[in-house]
């Protein structure tokens, strides 16, 4: 019937039969719903497999049917329709099971493969990892990970900026690797920023707890953060020269890792905080040099910004952008800053007007 195999007479008799039997009508309604949901997803190979199984069952049902001479014609027809309906239901359900088993097996074979999510300039991504962890990836960023997290730890590698909302799994820590720095967590929400041109790795903790340490060091030396703290760690350990006698070459030694921990404004809701405004499709600056602002504007609008003089670089910027175009953004900046600018294709040239 659902496949168009029933005659018009059989369809009419089925309609009468369903009106007489409420429970049978419910089963038929269920069958129709399953068919509509699954039919488009089942390919020819699945149908062939299902048909083979169903054919054997139908043959068995025919061989085991009651002798036609012992059953009145109407009852035989009713029995045939009920049998047909049952077998049709079984056909759809079997095909659906075969399809989803095949799809699940396909997924299993893909487990363990390394994955990479890359966002271009001018775009951002929202990702759900296999363990349920949610990641927001900022523009011009890359996230590498193993898609099944089957190891002792759940590990990802980041280049750029991302906000993580990590699902807690006891004894199965989540680790972010970036620029030689590791951030280890169990279940928490935090932001990590480490673009190639950045001198520091910045981590901001919103909820839970994190441990931050260099990849070459033991986690026993980790710096622990509490909510609403921000840590900034230089990517390269500083070195200093030691003065020695003239007959020897000067040597160098590594200074212990320096870091800066600050407290962010916790009086605002998470969606209103400047540090992660980008997650909520907002670009916000508060007394930041134009040179630093330009780096974010380049990624946000997918443009190249060139300063015609040093004075413009050092101007302090206070601004908020949401849906503006690059032209609208620079027009707004010009209102509050002594600058002039011109846009040629994807290049912006800026200079001070004083």
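The values are calculated or read from the model by the stated rules, or taken from the named source; none is laboratory data. The structure displayed is predicted, hence computed values, not measured ones. Cβ atoms come from the backbone with ideal geometry, glycine included; neighbour counts cover every protein chain shown.
Things to note:
- Test: residue in region 187-196 that is farther than 16 Å from residue 137 by Cβ and in a strand (DSSP E or B): no
- The single condition from (1) modelled with pLDDT under 90; (2) within 18 Å of residue 261 (Cα to Cα) that residue 171 fails is (2).
- Pair list, Cβ under 6 Å, 6 or more apart: region 178-189 residue assigned by TED's automatic domain parsing to the domain that holds residue 161, other residue surrounded by fewer than 18 Cβ atoms within 10 Å (Cβ to Cβ) and assigned to a loop (DSSP other than H, G, I, E, B): 179/235; 180/215; 182/215; 186/168; 187/168; 187/208; 188/208
- Evaluation of residue 316 against (1) in contact with a strand residue (DSSP E or B) (Cβ under 7 Å, 6 or more places away or on another chain); (2) closer than 22 Å to residue 160 by Cβ (one fails), failing number: (2)
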